[in-house]
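Note sheet for the following structure.
Every number here is computed from the coordinates shown, using simple stated rules; none is lab data. Source: prediction; values computed, not measured. Neighbour counts are summed over all protein chains in view; Cβ atoms, including those assigned to glycine, are modelled from backbone coordinates with ideal geometry.
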């Protein structure tokens with residue numbers, strides 16, 4: 001697990017890592033275990049539901065899926081081969097498809113690097129090509145890409161609402177800054193993003209922001225040093241101070257989880 005967490009930290013959003021608890025441990029005990037192992041700061045995902053079968057006996061085991069869901073390899077420990085396979089998949093994901101009309105190559109590259117507005121506006125121009133000038137049949141492909149890219153950009157902007165509603169303010173602030181550049185030139189998304197930025201800057205979330213910052217700082221220490229005897233009490237104190245906020249609720253829940261002594265194996 002530590003090597004997978006390190007890999008996620010190195011590659012960020014280019015990959016997803018999903019850990020599956022398969023020994024019957026309860027979700028609460030699993031979450032407490034994650035924090036006790038100093039893994040809480042990882043961006044990896046955790047679940048009790050198996051997305052696939054590894055076909056292997058024993059744990060820990062892994063399955064590496066490609067961009068299209070194919071099983072690329074599986075085993076009990078990663079090695080250089082796994083990193084090579086991941087690098088190849090990342091390269092393929094960012095490469096311009098061989099069947100893409102040349103007129104859309106630049107737009108594809110813009111979208112891959114996160115410039116949604118430039119990509120969509122460029123593809124829209126191709127979609128409007130007169131049939132007489134569209135020898136490669138790029139217009140229809142461009143219309144499909146515009147619809148797909150617009151939906152994906154919209155989904156990312158809409159996720160900011162979830163972050164705000166659930167008091168993940170640091171991530172929301174970061175996303176707003178990144179998306180201001182990404183959706184430039186797309187009026188509907190620019191307007192929606194501006195509304196979210198206004199909400200974030202308002203007095204409505206003053207207490208919740210303070211709570212979130214305090215919780216982030218405390219969990220940062222936990223992720224660095226591990227769970228200490230005083231951690232549960234500190235979380236409980238934070239929860240009481242910021243009662244009625246979502247970060248306060250999270251702190252109260254974590255306090256209950258971490259004050260419970262881990263089972264002796």
- What's the FRET efficiency of residue 49 with residue 184 using the Cβ-Cβ distance as r and R₀ = 35 Å, to the nearest 0.05? 0.35
- Cα-based shape type of the range 205-259, given that a ≥ b ≥ c are square roots of the gyration tensor eigenvalues and the cut on a/c is 1.5: oblate
- Message: Could you work out how much longer the chain between residue 233 and residue 151 gets when fully extended? Use 0.36 nm per residue separation minus the Cα distance between them, nm to one decimal.
- Response: 25.1 nm
- Which one of 201, 118, 167 has the biggest mean-square fluctuation once the chain is modelled by GNM with Cα springs under 10 Å? 201
- Query: Candidates (1) 1.37; (2) 1.24; (3) 1.00; which is the computed Cα Rg over 2.2 N^0.38 Å?
  - Reply: (2)
- Task: Please identify, among 150, 30, 47, the residue showing maximal mean-square fluctuation in a Gaussian network model of the chain using a 10 angstrom Cα cutoff.
- Result: 47
- With Cα springs under 10 Å, the Gaussian network model of the chain assigns the largest mean-square fluctuation among 119, 178, 136 to 136
- Binning every alpha carbon pair distance of the range 2-94 at 5 Å from zero, what are the percents per bin? 2, 12, 23, 25, 21, 12, 5, 1
- Under the definition of Cα pairs under 8 Å and six or more residues apart, what whole-number percent is the relative contact order of the range 1-100? 21 percent
- Item | Relative contact order of the range 73-199, defined on C-alpha pairs under 8 angstrom at six or more residues apart (%) | 21 percent
- What is the gain in length, in nm to one decimal, between residue 29 and residue 161 on full extension, counting 0.36 nm per residue of separation less the C-alpha to C-alpha distance? 44.6 nm
- In degrees, nearest ten, helix 246-259 long axis to first principal axis of the chain (Cα): 50 degrees
- Task: Could you calculate the FRET efficiency of residue 213 with residue 129 from 1/(1 + (r/R0)^6), where r is the beta carbon distance between them and R0 is 41 Å, rounded to 0.05?
- Result: 0.20
- Query: If packing is taken as the mean number of other Cβ atoms within 10 Å per residue, what is the order of 188-196, 231-239, highest first?
  - Reply: 231-239, 188-196
- Message: I'd like to compare 141-147, 240-246: which one has the highest average count of other Cβ atoms within 10 Å, and what's the full order after that?
- Response: 141-147, 240-246
- Note on the structure: The relative contact order of the chain, taking Cα pairs under 8 Å that sit 6 or more residues apart, comes to a percentage of 16 percent
- Please find the FRET efficiency linking residue 94 to residue 260, where r is the Cβ-Cβ separation and R0 is fixed at 45 Å, and quote it to the nearest 0.05. 0.50
- Task: In square nanometres and to one decimal, what's the mean projected area of the convex hull around the Cα atoms of the range 102-201?
- Result: 6.1 nm²
